[in-house]
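Nothing in this text is a laboratory measurement; each read-out follows from the coordinates by a stated rule. The structure displayed is predicted, hence computed values, not measured ones. Because the Cβ atoms are built from the backbone with ideal geometry, glycine has one as well, and the counts that use them run over all protein chains shown.
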Amino acid sequence: MKHLPNAISALRFLGAVFLLFFRVESCTFWVIYFVCGLSDMADGYLARKLGCESKTGALLDSLADFVFVACCCYKLTPSLVFPKWLWIWGGAIVAIKVINQISALVMYKKCLFPHTIANKLTGVLLFAGVPLTFFLGSIIPVIITAVFATFAAVQEGHFIRTGVEKPRSRMGNRQA
């Protein structure tokens, strides 16, 4: 049972890759999408409940999240029409997150993915906002998500650069 959370993260990694083989308009794509999203919530919960949080699990969770987001971006981006300013905003968020990881590498010689409440909320908004935007054709869910993602990225950088950790949100431990 102690390996169950890591197995769930690994399956999310595989599920994300499987998204690449299905059309965005297909039911199969969205079933896999929702299973991957729900697994992201389940793995951290189970790790805490089973008392098997680990640095390896946190890293696997973060990598599975990254692959899931990357695969979704690859598949969904051609179908989404956003104003130029929104694309620039998204690029700025990505740039901040890249700078955060460069800072972590320089300061600590490793990548750090703080599992803060802001990052978790951004993940939930992203998970719900993508289908809403896709099916409703409205950019409002993306704008709301971008506001939270901007705050989360800036906060993540602050935590990395100052070493400040929020209670119940330790860097390096699985808290997803």
Could you give the size of the charge dipole of region 1-79 about its Cα centre, using +1 on the Cβ of each K and R and -1 on the Cβ of each D and E, expressed in debye and rounded to the nearest 20?
120 debye
Give me the one-decimal Kirkwood hydrodynamic radius in Å for region 1-79, with the sum taken over alpha-carbon pairs.
12.7 Å
Spelling out what I want: for every residue of region 152-163, take phi, set θ = phi - 60°, compute 6.51 cos²θ - 1.76 cosθ + 1.60 (Karplus), and round to whole Hz; glycine and proline get x.
4, 5, 5, 4, 4, x, 4, 4, 5, 6, 9, x
Applied in sequence order to region 28-37, the curve 6.51 cos²θ - 1.76 cosθ + 1.60 (Karplus, θ = phi - 60°) yields integer Hz couplings, x standing for Gly and Pro, of 4, 4, 6, 5, 4, 4, 5, 5, 4, x
What do you get for Rg/Rh over the chain if you use C-alpha atoms and the Kirkwood form of Rh?
0.96
Can you tally the lysine pairs in the chain where the Cα-Cα distance is under 23 Å and the two residues are eight or more apart, or on different chains?
22
Using θ = phi - 60° and Karplus 6.51 cos²θ - 1.76 cosθ + 1.60, couplings along region 11-20 (whole Hz; Gly, Pro as x):
5, 5, 4, 5, x, 4, 5, 4, 4, 5
Out of ALA104, LEU125, TYR45 - ranked by how far each Cα lies towards the positive end of the dipole of the chain, with unit charges on the beta-carbon of charged residues - the top one is ALA104
